[in-house]
């Protein structure tokens, strides 16, 4: 297979990269800290929604979805459609409190509800997560694509080039530059994915041809799934339901009731990386509309980003490759000879094999755009956390200009740290598994603190920080046991079950400690607890809006559309 680019493809990529950097810098707003970190709180709903989608569908997610579908595991789509449910919940309950509090960061909200200890813990964990999960994973994906184009280029050189390309407009421009470039990158990414799906389906005889080939393979005994099973997003685990088994689905059916909601809630409702965009909306309605629009954009992902992985299986299951990969248990010689042992190369293989000159350059640019989008977003959100949650606390008298400078320096440091960590991801084997495993340790304690904080007025600051620290200790114990390969059910749990167990344990600790210690003062709870009367007040406010601007009607419509999509692939 030819993985080289023609001159026209290089020109397309170069023009795109230079154009996006220049455009990003031109959109900078940094006259004040609010403009630099929150875009002046002036974003409208289309920008908010597309930005959320672009930041979520990063290059790492795109690579992970296609790679999982290559092994005929469509259950990864459950993370995509479930975002609709989470975003509706977020728009109803959490977003009004976030915007009314006027906070810059999610940890800052925890301090308002609990105390500074919870804020510092969450801020530190989020910054670490941004480096380990979002930024480093996107840089790793960039090395996969560019290492195919330039096999003689060292991975560390690729990482440095990509990281500093994203930082080129993030450092001077702040959130407004990040969000405005994300809108363009999302459009390019969606267009490229549609084009690739079209060429892929054409290669296998269209949708009916794909289904027919899957059924033929099943009849011959080559695979144990017919077409309806191979495209099903709801599957049972192999062996014991609770155990992480080889060859089992990434998301067994019971995960939809347990770990998936928790991971989704953390990612969309608590993570600074995502929520920062909604905090930048011009008002509550635009924030809600933007969140729902992002949910709507998630639904077609199964057709344009997951299905291509299934198409790749039909095209390449019997083909040999010689991709250079980091040495691991499945590729001890550092060579990928079969995509089953290096699923992360599925998407790059498709684009280099199927797309013609010109379009290839555009789709490669789109893939790299998704990577830059994710990197720039995490750089900005993490620098916001460092500046507002640490630097501003240590030096409270800093001017707005000094805060912006602190954010720029923080971004530069994060660029270096993420670049150093990115090469380690390749040793993990499966990118999507890496992302979910790490998130499964970070999310449960945080989700526990937020949910109890909003819905239970007895939850106090002591219970919050102790439950957070308990979750951290439990995560270290799990990681140590898994690395040591201890043969015990406690360390062999499926990661979605482990996520749920950790969440329940943190809830118990938080509730027990809160009941055993003094209740928070009424002043601390003022405006921070959800009550049913808020629904009545909101109903009166919404009565002045026509139905198509009422987020409640829009939420119901979005949920109905989601139910039809999920029902088809069930």
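Each value in this text was obtained by applying a stated rule to the coordinates, not by laboratory testing. Bear in mind that the values here come from a model prediction, so they are computed numbers and not experimental data. In this analysis, Cβ positions are derived from the backbone assuming ideal geometry, glycine residues included, and neighbour counts consider all displayed protein chains.
Details
- The slack in the chain from residue 236 to residue 203, taken as 0.36 nm per residue of separation less the alpha-carbon distance, amounts to 8.8 nm.
- Rough spin-label spacing in nm, given labels placed 7 Å along Cα→Cβ, for residue 11 and residue 557: 4.4
- Whether the range 42-98 is rounded, prolate or oblate, judged on the alpha carbon gyration tensor where a/c under 1.5 counts as rounded: oblate
- Gyration tensor verdict on the range 242-320 (Cα atoms; rounded if a/c is under 1.5, prolate if a/b is larger than b/c, oblate otherwise): oblate
- Global form of the range 492-570, assessed from the alpha-carbon gyration tensor, a/c cut-off 1.5: oblate
- Packing rank of 296-304, 521-529, 201-209, where each peptide gets the mean count of other beta carbons within 10 Å, highest leading: 296-304, 201-209, 521-529
- Between residue 226 and residue 547, the simple label model (points 7 Å from Cα in the Cβ direction) yields a spacing of 4.1 nm.
- When you count the other C-beta atoms within 10 angstrom of each residue and take the mean per peptide, 75-85, 447-457, 353-363 line up highest first as 75-85, 447-457, 353-363.
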